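As structure tokens, the structure follows; a few thoughts come after it.
Where a number appears in this text, it was derived from the coordinates with a stated rule and is not lab data. For clarity, every value in this text was computed on a predicted model and none was experimentally measured. A quick note on method: Cβ atoms are made from the backbone with ideal geometry, for glycine too, and the neighbour counts reach across all protein chains shown.
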2 protein chains.
Amino acid sequence: MRLRFRRATRDDVPAVVELLADDVLGSTRERGAIETYLSAFDAMTAEANNQLIVGVDESSTVVATYQITFISGLSLAASRRAQVESVRVAARLRGQGLGQQMFSDVEARARAAGCSLLQLTMNAARSDSARFYAALGFTGSHIGYKMYLD
Amino acid sequence: MRLRFRRATRDDVPAVVELLADDVLGSTRERGAIETYLSAFDAMTAEANNQLIVGVDESSTVVATYQITFISGLSLAASRRAQVESVRVAARLRGQGLGQQMFSDVEARARAAGCSLLQLTMNAARSDSARFYAALGFTGSHIGYKMYLD
């Protein structure tokens, strides 16, 4: 199956939230009201360097999603970074190479935005994904720290 | 010593680059021309959610820096994240609690921007920093993956 990747529209938000929740970690935490997610989509759209992408199948159904943020900075001789978050493929379609297609799209968008570094963090509990990222050519050189603010 | 933290201006860029290079990892990689860094600063300024912060001492000398990016998204019930990069304190001033002051400033800016999650990645080679982040209340729950694009 070949997916087509495009910028999400506001109409795609419910399908994206369904994908985020269709996940061993996401199932317990994606319980916001749809209005909350629509507001977040509007906030993303206002951040010009922050994009929600969807992957659609031949019937235009949303079956994959990721978020990509282009971050300029001074470090690493002023490298622009592309950061990927919230990567999901529909559970029924996993193991068919759609993740590779998604990361081809990530790389193309990152290069088009002038980025020389891709980065993402993965919950260390997702051991299957570790193999996936290593196979794509990522190096797990960093520790990802998180702190929730009350 | 109490530092004052403020948004960096274009005039601060050389001092920030010096701090980035004054580091076991940074010394080998911060070798760009100053014009490259100034262009990156202009690109950061154009990204309204992306800020370069400096910490200055009583004589207004830049002795610390970090970058903070506010990233809206749908995940985690539409949490806005504050991501920190490129954290540095001048080598001669390390071990005096300035890092804690810096992260108080990080937290204040993150809350003011409506963020409910702080995140950063640290090269796993920086074992001293691991203790520092744990003491601040961060959880090293994630693996940080990087891939350079040629």
Please average, across the residues of B:30-40, the number of beta carbons from any other chain that are within 10 Å of each residue's own beta carbon, and give a whole number.
-> 3
Quickly work out the B:Ala125-to-A:Ala112 label distance, labels modelled 7 Å from Cα along the C-beta direction, and quote it in nm with one decimal.
-> 3.5
Gain on full stretching of the segment that runs from B:Arg94 to B:Leu38 - 0.36 nm per residue minus C-alpha separation | 17.5 nm
Quick one: Cα centre-to-centre distance for the stretch A:92-127 and the stretch B:73-122, in angstrom?
-> 25
Please find, in a Gaussian network model of chain B (springs between Cα atoms separated by less than 10 Å), the residue of B:Phe132, B:Phe103, B:Phe70 whose mean-square fluctuation is greatest.
-> B:Phe132
If the label for B:Ser39 sits 7 angstrom from Cα along the Cα-to-Cβ line, what are its distances to the same label in every other copy, in nm to one decimal, shortest first?
-> 4.0
Among residues of chain B, the one whose beta-carbon sits nearest the axis that rotates B onto A, given with its distance in integer Å, is B:Gly144, 2
At what distance in nm do the modelled label points of A:Asp22 and B:Arg29 sit from each other, each positioned 7 Å from its Cα along Cα→Cβ?
-> 3.7
Using a Gaussian network for chain B with springs between C-alpha atoms less than 10 Å apart, which of these wobbles most: B:Leu74, B:Leu20, B:Leu118?
-> B:Leu74
Size of charge dipole - the stretch B:4-136 - debye, nearest 20, with Cβ of Lys, Arg +1 and Asp, Glu -1, no other charges = 420
Among B:8-14, B:75-81, how do they line up from the highest to the lowest mean number of other beta-carbon atoms within 10 Å?
-> B:75-81, B:8-14
At a Förster radius of 41 Å, what calculated FRET efficiency corresponds to the Cβ-Cβ distance of A:Asp11 and B:Ser104, to the nearest 0.05?
-> 0.50
In nm, one decimal, shortest first: how far is the label point of A:Arg4 (7 Å from Cα along Cα to beta carbon) from the matching points in the other copies?
-> 5.6
